[in-house]
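K.L.:
Here it is: the structure, laid out below.
The values are calculated or read from the model by the stated rules, or taken from the named source; none is laboratory data. Keep in mind the model is a prediction, meaning the values are calculated, not measured. Glycine also receives a Cβ, built like all others from the backbone with ideal geometry; neighbour counts cover every protein chain displayed.
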Amino acid sequence: MIILFIVGILLGVVSVFFALQNIAVITVTLFSWSLTGSLSVIILLAIISGFLIAILLFLPESIKNYFGYRKLKKENHKLEEALRQQKEKTVFAKNTPPTPEDIAKIEEGVSDEHTM
């Protein structure tokens with residue numbers, strides 16, 4: 001945490017030096033729009049607008065990945081539960097010999113699972 005604080009202070013100091021070094025007044029023209037300001041302010045506005053455009057371009061994919069991750073997490077939980085149940089059945093089968101009713105239940109369960 002302290003490292004981030006130090007990095008932030010260093011970036012602030014560099015930004016101040018940048019602003020003091022680039023105080024020339026310039027005019028930027030795009031079609032009929034015109035913007036006049038110091039060089040440092042214009043450059044910082046260009047950097048900020050580029051950053052915002054990049055965020056807006058990556059936002060839809062990020063949202064899609066988030067919902068895909070949640071779906072996979074739910075599916076993983078269901079599969080883990082099915083595996084746990086299968087392990088319980090396996091341990092039960094190893095410890096006790098199955099009765100005819102147990103065999104019938106297992107066969108019904110197998111046939112039900114394969115029809116889905």
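K.L.:
Taking residue 85, is it modelled with pLDDT under 90 and either among the aromatic types (Phe, Trp, Tyr) or within 30 Å of residue 109 (Cα to Cα) (or both)?
P.N.:
When the stated conditions are applied, residue 85 passes them.
K.L.:
Do the conditions hold for residue 28, that is, is it surrounded by 10 or more Cβ atoms within 10 Å (Cβ to Cβ) and either under 29 Å from the mean Cα position of the chain (by Cα) or part of a helix (DSSP H, G or I) (or both)?
P.N.:
Taking the combined requirement at face value, the residue does not satisfy it.
K.L.:
Of these, 108, 101, which one is exposed (fewer than 10 other Cβ atoms within 10 Å of the Cβ) and among the charged types (D, E, K, R)?
P.N.:
Answer to the check: 101.
K.L.:
Also: Look at residue 3 and say whether it is touching a Gly at 6+ places or on another chain (Cβ under 8 Å) and either exposed (fewer than 10 other Cβ atoms within 10 Å of the Cβ) or modelled with pLDDT of 85 or more (or both).
P.N.:
no
K.L.:
So, one more: Can you tell me which of (1) at negative phi; (2) without any contact (Cβ under 8 Å) to a residue 12 or more places away in the chain is the one residue 31 doesn't meet?
P.N.:
For residue 31, the exception is condition (1).
K.L.:
Separate question: Conditions first: (1) assigned to a helix (DSSP H, G or I); (2) at pLDDT 85 or above. Residue 92 passes all but one, so which condition is the exception?
P.N.:
Looking at each condition in turn, residue 92 falls short on (2).
K.L.:
How many residues are over 14 Å from residue 18 (Cβ atoms) and either acidic (Asp, Glu) or surrounded by 10 or more Cβ atoms within 10 Å (Cβ to Cβ) (or both) if we restrict to region 31-47?
P.N.:
Count: 3.
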